[in-house]
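S.K.: My questions will all concern the structure given below.
Derivation of every value follows stated rules applied to the coordinates shown; laboratory data play no part. These numbers come from a predicted model, not from an experiment. Reconstructed Cβ throughout: ideal geometry from the backbone, glycine too, with neighbour counts over all protein chains shown.
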């Protein structure tokens, strides 16, 4: 006589209903299992711990612009290969692969529309395209967004989401820091407001240039903001670093940010600021 008894299945295999892929998402912070619709309803934040998931420029445009209506511009620009760069693959091949994989054309998109009834220019970066790295096209798009703000005499909002300069373009990428900063100086001379919104992550040359030059510097909660990584800094200064020293809350406490705004309050707060500037 067998020492075990085979368990009778409660549900036959053929009667089981397959769970479609992509319906659930795990929170990167607390590990909670979240339904896709639940995440969307909470503006791509965790309903358990308020963790802010990274979102693309089109989602920021839909979130910020009145009635989700906006007009995109300068979307035809593509990266060149000034250094004929190659690592594990040629740079043009890497760009083409990123376009094919993500359906995006670059790490920055520009749009105009109304926010709280105020004509506004928004330039939003996208970590989903080569880590949101700042190359010549990103610098040019931001420069053109600034020109558009001057043309329309409309406030500018830049949504930063970047790992830093794009190494495949070398010094051409680093030049975008000076280029965008000089353009923002022109915007300031015209007395046109610039609001910088930093999201996770805002690192490297992005944080060292236009991201920190806003008339008002805003961040989403717990966003990673800094120049170099903690290990590089620690190895350089040979000192232990404060816990969370590159998070938005630490930067707010030490005067680098003006405010931290939850994504659900973002449009309301920006509308208030734009109304204040208009007045």
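S.K.: Can you list the strands (runs of 3 or more DSSP E) lying wholly within the range 132-236 that have 3 or more residues being within 26 Å of residue 85 (Cβ to Cβ)?
M.R.: Of the strands (runs of 3 or more DSSP E) lying wholly inside the range 132-236, those with at least 3 residues that are within 26 Å of residue 85 (Cβ to Cβ) span 156-162.
S.K.: Continuing with this model, one more query. For residues that are more than 24 Å from the chain's Cα centre (by Cα) and touching a residue at least 12 places away in the same chain (Cβ under 8 Å), scanning just the range 232-279, find the one that is surrounded by the most Cβ atoms within 10 Å (Cβ to Cβ).
M.R.: Taking the candidates together, the pick is 277.
S.K.: Which of the residues that make up the range 131-144 are touching a helix residue (DSSP H, G or I) at 6+ places or on another chain (Cβ under 6 Å) and surrounded by fewer than 24 Cβ atoms within 10 Å (Cβ to Cβ)?
M.R.: 136, 143
S.K.: On to the next question. Can you find even one residue in the range 216-227 that is over 24 Å from residue 50 (Cα atoms) and in contact (Cβ under 8 Å) with a residue 24 or more places away in the chain?
M.R.: Yes, there is a match, as at least one residue in the range 216-227 is over 24 Å from residue 50 (Cα atoms) and in contact (Cβ under 8 Å) with a residue 24 or more places away in the chain.
S.K.: Kindly establish whether residue 147 is on the phi < 0 side of the Ramachandran plot, free of Cβ contacts under 8 Å to residues at least 40 places away in the same chain, surrounded by fewer than 20 Cβ atoms within 10 Å (Cβ to Cβ) and touching a helix residue (DSSP H, G or I) at 6+ places or on another chain (Cβ under 8 Å).
M.R.: yes
S.K.: Can you name the number of the only condition in (1) under 19 Å from the mean Cα position of the chain (by Cα); (2) closer than 24 Å to residue 208 by Cα; (3) not in a strand (DSSP E or B) that residue 109 fails?
M.R.: (3)
S.K.: Among the listed residues 67, 71, 100, identify the single one that is part of a strand (DSSP E or B) and out of contact with any helix residue (DSSP H, G or I) (no Cβ under 9 Å at 6 or more places or on another chain).
M.R.: 71
S.K.: Still on this structure, I have one more. From the residues in the range 74-97 that are closer than 17 Å to residue 173 by Cα and assigned to a helix (DSSP H, G or I), which one is nearest to the chain's Cα centre (by Cα)?
M.R.: That would be 95.
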